[in-house]
Every structure is written in C-alpha cells, then in structure tokens.
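Enquirer: I'd like to ask some things about the structure below.
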Amino acid sequence: MTTDQEQLKSISSYVNKSWGKHDPNDIVEEISKGKLFPTQALLLSNNGSYRTCLIKAGVVDKILEFLLQSDQDFETVLPLSPTTSSLSLANTHVDGLIKCPSIWIQIIASFCKDGFCNIDERIQKQIQYKVMNNISGLFQDMSNFKDLTLFGSKDFWIISMQYFTALLSHLITSKHKEIGSFLIRQPSVKQYLVQIIYLDLGNDVDPTINDDIEDFVTNRDNRIPKHDIIGSSQSYCAFAIKTVTENRKQDNNNNNNNNNTNNPISSTRTNDYQNKNYELLGEFAVTPICPIHHELRFGTGIVALLEKSYRDGFYQGGYSSMLFLFLRLYDWGGRLSSKFNGIDCVSSNLVPICSKHLLLHASKQRDHYFFENVSTGLIVIISTLTTPIMIEKKSGQQRQAPIDYNVANAVYNGLVEFCLDVCDCNDGRLVPHLQRLLKIIYSIVQFPDTKKSIRTKEKELRAKIERVTNRPPYLFSCLPIIEKIIDAVTDAAATNYTNTDNNNTTSVDDVKDADAPCQFCSKKCTDEKKMRKCPFCKSVIYCSSDCLQKNWLLHQNSCVLLRKYPKPKSKSDLVCDGKQIFVNQIHKILLQASLKGFSILFCIVVIDMVEPTPLLRTLTYDQFMQSYFMMDYDVRDKIMKNFERNQNDGSLTVSMIGFTNDGLSINMLTFPPDSIPAHLFSSPSVIQKVAFDTEKWTATQKSVAGISLKADGLKKLQRNPQMWKASLLKSMKP
C-alpha cells in the first residue's frame, strides 16, 4: 500500500471512530496548530451538529487567521511544514501537519455555500459576512496574475484557484443578496471573474499561465487524480455572473411591479426599467478580458470563448451559463451578429460550438449537465435563427439578416447534421426543444437560400439519415421531420418514382443507386438484392458484398472523409474509451444478453464507436461476422480461435470498434472471470455461491437480470413483443 493510500485510510478511520467525541475547543486548538486529521475531518464529515459546535468554538476565525497571512511563506505561517518543492495533493506530511494551504480555502468555500450540511442559516450568514470582510488580502494575492504566488509558492496559487473561485462564487450567489451586491460593485472583482473565464483566450499579464497550470495538472504526482482546475474555475465564475445579473433583473422586476400598482405606466419609466435590467450585464459586457488588453471584452468575445473552450470542467455549469449570458447580450444588443467581434451570422457560429459539445460528451455519462448543455444550445440556436428584420428609421437600411439567411448559413455549418446527432443520442428529454427547432427549419424550407443550402448537402444528409436509422434506438418522433425537410427541397415528381405495374413507390435514391456503377468493378448495379452500400459512410455503392470486401482496403481512407465526424482516434484511445464505456454500461450489456435469451459467454460484446453515440451490442459469432464482413479471412480465423478459447475459460470477449486515421479498427479484448467488478453482484452471498471462477460472468448476468426483470420478468416481456422490443432497444445505447 502506498503512503497516500495509508494516509487516506488513516483519515477515514479517524473520521469514523474519533470525530465528534472530543471537546470542540480541543479540536479547534488542534486545527489552529495546522494538524491534518481534524482539519481534513472538518471538510469530510457530515456531522452537522458537531460542525456547528466547532464554528461556535471559533474554528472559522482560526482558519481565517492563516489566510490573512497569505502574503508570507508557508514555512513562516506553519513552522515544521515541508518545503514547497515536495508539494503533493494529499495535503499531508509525515509529522501530521498540513502541507498545502488550499485545504483552508476549500473549507471556507464549503462553509460559505448556502445550505452546507444544514448549518443554521443565521450562523451561515455570520460566516459569509465574516469571510467577506477578511479575504481582501487573499483576493489581492489570487488576482495578481503577474506574480502568481500564494504563501510564497506558485504551486499553491495554482491548486488554490478552483477553491478560491468557488469561495467567491458562493459569496456572490448567496441568498443574502446584499453580500453579492457589495462584492460585484468592486471593479477588481468583475475584472477577476472575467479574466478567469477568458483564460483560454490568453493572458497578456503572464502568457505562460495556462501552460503552468496544465503542467501542474498533467505532470505532477500522477498517482493522484486531479480536477480540471481551469475548467472548474471558469464554471464557478460564469455561474456567479449569470446568477448575480439575474438577481439584479429580478429585483428590478419586483420594484417595477410595486411602482405600477401606485402609478400609471409611462414610456419614460418603461425605458428606465429596461435599462436597469441590463445595467449590471452591461458593466460586465464592457469589461476587458485582461486589464492591459482592451480590444476584446467580455461581451464581444463570448462567441470566441465558446469556440475555444473544450474542458470537461467548463462543461459542468460554465458552458450553459455562458450560452445564457450570450443570449441576454444578444437580445440587449438588438440581435445584431456584428456586435460579437464582427461576426456575420451568429447562428452559423453557434452550430459548430453546440455540435462540438455533443460529439465530445455523447459517449460519456448522461448527467444533468449533458441535458442542460444540449437543451440550452438548442434554445440559443432557435433564438438566433428567428431574428426579426429591423429597419433603421433614418437610413432605411436593414439592420439584421432575415431568417432565410440565418438558417441557410447554419445549414452550411452543419445544423441538420447536429439535429441528426441529437436524434442519435436518443435522449427523450431533448425532444420538445429539437422538435421546435425542426419545425422552424421546415416552415422556411422553400425559401431560396435555405432550399439551396439543403440541396447542396442533400446526398450527405441522406447518407447520415441512413446511418442513424441503421443504429436504433433514436428519437423516432424527430427523424421523420428531418426527412420531410430534405424531401421538401425536391420536386414532387422527382421525389418519388411510381411503379404502376406493381403499385409500389420507389425512392429516387433507389433508382439512382440501381443505375450507378460499382465502385470496384465499374459494372452497373442491376441486381438490387445483391447491391450493397458501404455500411459506414452509406455513400459508396457496390454490385455485391464480394466487391465491397475486395475494395475495402482502398475505400477506408475516403470513408473517414465522407463521414466527416466523429473524427478518427488513435487505436489506444479507442481501446481506452471503449473500456470506460464498458465499465459504465455493464448493467445494460448484461441485461441485453438476458433479453436476447443467451449467456453472456456465448456472445461477443461490441462497443461500436463508429458514430458519436456508441452502440452497445451483444452478438453471436455469426452475427458479428455478418455485421463486419469486410474483415480478411485470417483476421476472422484469429477472432474465432480467441472466442472459442474464451468460452472454454469462462472469459468475456469484448470488441472495441471505431475509426483511426488508417481506417476501421476492430480490437478484441478478453475479460477473464476474475476481472468482473464485485459491485455488480446483488449481494456478497452470490459470490460465495459461485463454485468456480469460470461461472462468475454467468452468475453476475443472472444477478443483474434478476434485479431488473424480477420473477418471471423475461417471460412476461416476451409475451408482449412491443414491450420486449422496447426493452431491448433501451439497452443498446448509453
């Protein structure tokens, strides 16, 4: 066991066995000496009543005494502490003292958060006021982007950034609005919030600050997982600005309603009321992203920031907050795209931004942040598309492009593909927003610019639709609207070809495909039963499966280009991402095998990452070969031998499939019986009942299926084909 693991175990034992049993005054005295265990326990324990006793005993004052000395070296503030060169995120030392002051800021930030562990509201208000009055020195050190030192160390400054921004955010967003109002009136606070948010666009005071933080996160003490410092700090600051501006707007609304009950409404007072709503937001809008860099400001650079930011921490609250602030500024500025650093059509810039988030996170955990980010993106795109035409009174010139121009530019930049990717994600919570966007596009599809843009991308869009329909489940209520949009740009006579003899209707694409030459042998594809399309790009036609297989090595590179997204990954990244998906979705995979009625050991688990949303499939060997039949025969033989060996050993066969720069990559992994996560068993007794290790995967499958389907659940489902099919589809995507 490593030193860090031993320390964590010791702290956990201290919290469980000793915390809450000592006199609060004694614990406060220990914390005032910089002792690790009581300081760490103060943060980790959920014992609210004991924490209240410690607060009354003066623990907050003792920690603030340390923070008031942030301009001094840490060795001076806390003697016998280790040197900064031996900094570790474990916040501990062999002599039992704290070795990183960030833990003090983290504790104070937690105490200032509304409702933290049910602390008495009156006490929490006192803490917030006390902290606000005693952090000016700490703020000066943290906002000094030139020296970048805290307690004499640059490393301390870096690791404390996310905790200090959290502290500042909790104070600004406090339910006691007078605290936030006071802080936000300080120009230095506004400047600090904006500078942190725009770190990704560079910092003229210290251009190396991003590199220093990235080096700290990626190269220091990699045994310990570290947070996304910049992304998390951006999210705290963006949320603080969003909340305080909305609070100001709400207060103005309440005051305006009270005035209206006593006095009649006048146009002058209405204008004053509107100006007050945007007063604070306007102050932020003109704040430069850096004190010595006045060209780009918070308001004008917000789209550039959204285009540049890609961090996981930023997507946990910061991304949606910035989209919200953009929409407020967009409305305030008369819905003019040119207000945002000279952008011609803001909706066309937003589509790649929203698409980038979706492509990055469609394969990850679908938490509330995912829904919040995607739904906010859809709402903002809708708002920017439906911009009204405005005419200048004096000049008579048009100030804003019509909706046809906005939609057409957005389509050229991937609007319909983005909608298809949302469909492919199969998140039912997004249906209302997506349907609203699609109805807007459909209502103007006959406008000249929009029609031209869709016609230009028609073949590409139809191939994308075919790929989505071949990978159920998807948003079944939304995809038909997209098909109607594309069909609407084609004349009725060209859309459908009617075969009067057989009384059937054949798609124009089918007619074209039947006349197209084979990509390999150049013969016309006359036999529709034998005709094949590339299963991945859906854009290349072959007269038979043999031609497809023979041409596959030549077609792989162009297949990546035709699909466009998701971008190819390295083989190691594919395997790493596939393992993560497998661990997160193991319950669905085991349940899917049970619904199909066979043992998990007698199938190949496929993590298909060919599209942005991965597909979870449990296939027999024959089904696997039919789905990926373009493989060479020697590769097939190797897969078959491994699969048979795994069956005999009781091991699970998992395939991670996706595109690299060299083409399709099919990776086969073996998960032996002892690699199964213990938490998948319903109870410890299940493990004891397993006689042999080779039965573990089967036993776990029965355990998962038993919990999900309960008694005779599978038989009842199979009696209702619709319910059974719906349950099976539900297990196929994250």
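The values are calculated or read from the model by the stated rules, or taken from the named source; none is laboratory data. Worth saying up front: this structure is predicted, and the values here are computed from it rather than measured. Please note: Cβ atoms are built from the backbone with ideal geometry, for glycine as well, and neighbour counts cover all protein chains shown.
Enquirer: What pairs come out if I take residues in region 297-322 that are touching a residue at least 60 places away in the same chain (Cβ under 8 Å) and pair them with residues that are surrounded by 24 or more Cβ atoms within 10 Å (Cβ to Cβ) and part of a loop (DSSP other than H, G, I, E, B) whose C-beta lies under 7 Å away, six or more apart or interchain?
Expert: Close Cβ pairs satisfying both conditions: Gly301/Tyr198; Leu305/Tyr198.
Enquirer: Take the residues in region 51-76 that are over 17 Å from Ser110 (Cβ atoms) and crowded, with 19+ Cβ neighbours inside 10 Å, then tell me which one is nearest to the chain's Cα centre (by Cα).
Expert: The qualifying residue nearest to the chain's Cα centre (by Cα) is Ser70.
Enquirer: Of the numbered conditions (1) of a type in the set (Phe, Trp, Tyr); (2) in contact (Cβ under 8 Å) with a residue 24 or more places away in the chain; (3) assigned to a helix (DSSP H, G or I); (4) not assigned by TED's automatic domain parsing to the domain that holds Cys53, Phe145 fails exactly one; give the number of that condition.
Expert: Checking Phe145 against (1) of a type in the set (Phe, Trp, Tyr); (2) in contact (Cβ under 8 Å) with a residue 24 or more places away in the chain; (3) assigned to a helix (DSSP H, G or I); (4) not assigned by TED's automatic domain parsing to the domain that holds Cys53, the one that fails is (3).
Enquirer: Let me ask something else. Would you point out the residue of region 20-48, among those that are modelled with pLDDT under 85 and among the polar types (S, T, N, Q), that is surrounded by the fewest Cβ atoms within 10 Å (Cβ to Cβ)?
Expert: Looking at the filtered set, the residue picked out is Asn46.
Enquirer: Turning to a different aspect of this structure: When the residues of region 646-667 are narrowed to those that are in contact (Cβ under 8 Å) with a residue 60 or more places away in the chain and among the small types (Gly, Ala, Ser), which ends up farthest from Ile600 (Cα to Cα)?
Expert: The residue in question is Gly663.
Enquirer: Being under 33 Å from the mean Cα position of the chain (by Cα) and not in a loop (DSSP other than H, G, I, E, B) is the filter; apply it to region 111-130 and report the residue that is surrounded by the most Cβ atoms within 10 Å (Cβ to Cβ). Let's see the steps before the verdict.
Expert: Here is the first cut: in region 111-130, the ones under 33 Å from the mean Cα position of the chain (by Cα) are 111-119, 124, 128.
Adding the requirement that they be not in a loop (DSSP other than H, G, I, E, B) leaves 111, 116-118, 124, 128.
Details: Phe111: 25, Phe116: 15, Cys117: 14, Asn118: 12, Gln124: 22, Gln128: 21.
The extreme case among them is Phe111.
Enquirer: Right, next: Can you tell me which residue is surrounded by the fewest Cβ atoms within 10 Å (Cβ to Cβ) among those in region 132-168 that are in contact with a Cys (Cβ under 7 Å, 6 or more places away or on another chain) and modelled with pLDDT of 95 or more?
Expert: Thr165
Enquirer: Can you name the residue in region 169-189 that is charged (D, E, K, R) and out of contact with any helix residue (DSSP H, G or I) (no Cβ under 7 Å at 6 or more places or on another chain) and is also surrounded by the most Cβ atoms within 10 Å (Cβ to Cβ) among such residues?
Expert: Ranking the qualifying residues of region 169-189, first place goes to Lys175.
Enquirer: Could you list all residues from region 166-184 that are closer than 12 Å to Ile241 by Cα and not hydrophobic (A, V, I, L, M, F, W, C)?
Expert: Ser169, His170, Thr173, Gly180, Ser181
For every residue, the table says whether it meets (1) closer than 27 Å to His170 by Cα; (2) of a type outside the set (Asp, Glu); (3) assigned by TED's automatic domain parsing to the domain that holds Thr384; (4) surrounded by fewer than 22 Cβ atoms within 10 Å (Cβ to Cβ).
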| residue | (1), (2), (3), (4) |
| --- | --- |
| Leu296 | no, yes, no, yes |
| Leu305 | yes, yes, no, no |
| Asp312 | yes, no, no, yes |
| Tyr315 | yes, yes, no, no |
| Gly333 | no, yes, no, yes |
| Cys354 | no, yes, yes, no |
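Enquirer: Taking the residues in region 590-636 that are in contact with an Asp or Glu (Cβ under 9 Å, 6 or more places away or on another chain) and aliphatic (A, V, I, L, M) as candidates, determine which candidate is surrounded by the most Cβ atoms within 10 Å (Cβ to Cβ).
Expert: Restricting to residues being in contact with an Asp or Glu (Cβ under 9 Å, 6 or more places away or on another chain) and aliphatic (A, V, I, L, M), the top hit is Ile607.
Enquirer: On to the next question. Does Val445 qualify as being outside any helix (DSSP H, G or I), modelled with pLDDT under 95 and more than 20 Å from Leu359 (Cβ to Cβ)?
Expert: yes
Enquirer: Right, another one. Which of the following residues is free of Cβ contacts under 8 Å to residues at least 60 places away in the same chain and assigned to a loop (DSSP other than H, G, I, E, B): Phe598, Phe643?
Expert: Phe598
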